[in-house]
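The values are calculated or read from the model by the stated rules, or taken from the named source; none is laboratory data. These numbers come from a predicted model, not from an experiment. Glycine gets a Cβ as well: all are built from the backbone with ideal geometry, and neighbour counts include every protein chain shown. Remember, those area values only see protein heavy atoms, side chains included, never the ligands or the DNA or RNA. Shrake-Rupley method; radii C 1.70, N 1.55, O 1.52, S 1.80 Å.
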Amino acid sequence: VQLQACGGGLVQTGGSLRLSCTTSRRTNSNNAMGWFRQAPGKEREFVSGIAWNGASTTYADSVKGRFTISRDRAKNTVYLQMSSLKPEDTAVYYCAVSRTSSTTIVDSQYNYWGQGTEVTVSS
C-alpha cells in the first residue's frame, strides 16, 4: 500500500493550504485515517484523524478550529484543510492509514504511512 501526500508549500502567517493524501488502492475504505506532523527537532505528533466513514473526526488542541479533515472514499483520498496558519505549524506532514475503523491519536495504531509533505509558515 502506498500513500501519496501532496499540497505542502510555503505560506505566510494567516494563510491557508490544503493537503491531500491518496492511497494506492482501496485498502482504506474501512479504516480510519489520520494526519501527523513532525517539526524540526521535535517528535512526531498527531494532528487530526477521521473515521472510516467520515462520521467522526478528532483534532489536536493546537489545530482545533483552524484545520478540517475530510475524506472522499470514492477517490481513496483524505484531505487536511489548514487555515489561519501559524509559524508553529511548520513541519513535515504525514498521512497514515489506521488499523482501526474509528479515529485514534496513537501513532502505533497506524500501519501505513505516506512520505510526508513539507509545510513552512513564514512569520
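With the condition kept exactly as written, say whether any residue in region 48-59 is part of a strand (DSSP E or B) and touching a helix residue (DSSP H, G or I) at 6+ places or on another chain (Cβ under 9 Å).
The answer is no, given that none of the residues of region 48-59 is part of a strand (DSSP E or B) and touching a helix residue (DSSP H, G or I) at 6+ places or on another chain (Cβ under 9 Å).
Taking region 90-102 as the search range and keeping residues that are over 16 Å from Asn76 (Cβ atoms), of a type outside the set (Gly, Ala, Ser) and modelled with pLDDT of 95 or more, which one is least open to solvent (accessible area, probe 1.4 Å)?
This residue is Tyr93.
Hey, can you tell me all the residues within region 65-81 that are aliphatic (A, V, I, L, M) and under 10 Å from the mean Cα position of the chain (by Cα)?
Ile69, Val78, Leu80
How many residues, within region 18-50, are of a type in the set (A, V, I, L, M), crowded, with 21+ Cβ neighbours inside 10 Å and out of contact with any Lys or Arg (no Cβ under 8 Å at 6 or more places or on another chain)?
Residues meeting the conditions: 2.
Out of curiosity, is Arg71 open to solvent by 20 Å² or more (accessible area, probe 1.4 Å), charged (D, E, K, R) and in contact with an Asp or Glu (Cβ under 8 Å, 6 or more places away or on another chain)?
No, not satisfied.
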